[in-house]
């Protein structure tokens, strides 16, 4: 069983899509694989209780990999798509672009405070696609 999720982002940050995936899952058990189909976005399983976690993660990534306009990034040569593009590729290289999640009796086996997030690494909003495939036990 497979589908495609389209997630609208609002610039850099984490966009939760746990409920979208949960609503799609059928009864039964298996293994869910998710993969983002873009080179400047990532996927995370992360805390979904306190929004400060997402703000801190975004701030950390911005500090770890600043835009190409920052003097520390002057060595980068891929700059013609904007100062956020190559840093977006670097962030996507550091974070996962696919996830595997056990599904038990129609529910993802996530922890109490865990949610699924698309991480947008570009400065402007984008429509991102996430391919989903569920391999069932049955």
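Each reported figure results from applying straightforward, stated rules to the coordinates on display, with no laboratory input. Every value quoted in this text rests on a predicted model; they were computed, and no experiment measured them. Cβ placement follows ideal geometry from the backbone for every residue including glycine, while neighbour counts extend to all protein chains displayed.
Can you tell me the FRET efficiency between residue 20 and residue 64 if r is taken as the Cβ-Cβ distance and R0 is 30 Å, rounded to the nearest 0.05?
Numbers: r = 28 Å, r/R0 = 0.95.
Rounded to the nearest 0.05, the efficiency is 0.60.
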Please list the radius of gyration and Dmax for the chain, considering alpha-carbon atoms only, with Å as the unit.
16.2, 55
Could you line up 63, 58, 124 from fewest to most neighbouring Cβ atoms inside 10 Å?
63, 124, 58
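Going by how many other Cβ atoms sit within 10 Å of their own, how do 117, 75 line up, fewest first?
Taking fewest neighbouring Cβ atoms as first place, the list is 75, 117.
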Taking only Cα atoms, what is the 0 to 90° angle, nearest 10, from helix 85-94's long axis to the longest principal axis of the chain?
50
Pairing the Cα long axis of helix 51-64 with the longest principal axis of the chain, what angle in degrees results, from 0 to 90 and rounded to the nearest 10?
40
Amide N proximity, segment 1-38 versus residue 105 label position 7 Å along Cα-to-Cβ, cut-off under 14 Å:
27-30
Of 123, 56, how do they rank once you tally other Cβ atoms within 10 Å and put the fewest first?
56, 123
Per DSSP H run of at least 4 residues, take -39500 (n - 2.57); add these up for the chain, divide by its residues and hand me the 222 nm value, nearest 500 deg cm²/dmol.
-6500 deg cm²/dmol
Once each part is reduced to its C-alpha centroid, what is the distance from segment 38-109 to segment 12-36 in angstrom?
18
Hypothetical label at residue 135: residues of segment 1-41 whose amide nitrogen lies under 20 Å (7 Å Cα-Cβ projection)
1-5, 25-37
Quote the FRET efficiency, to the nearest 0.05, computed for residue 74 versus residue 123 with a Förster distance R0 of 22 Å and r equal to the Cβ-Cβ distance.
0.70
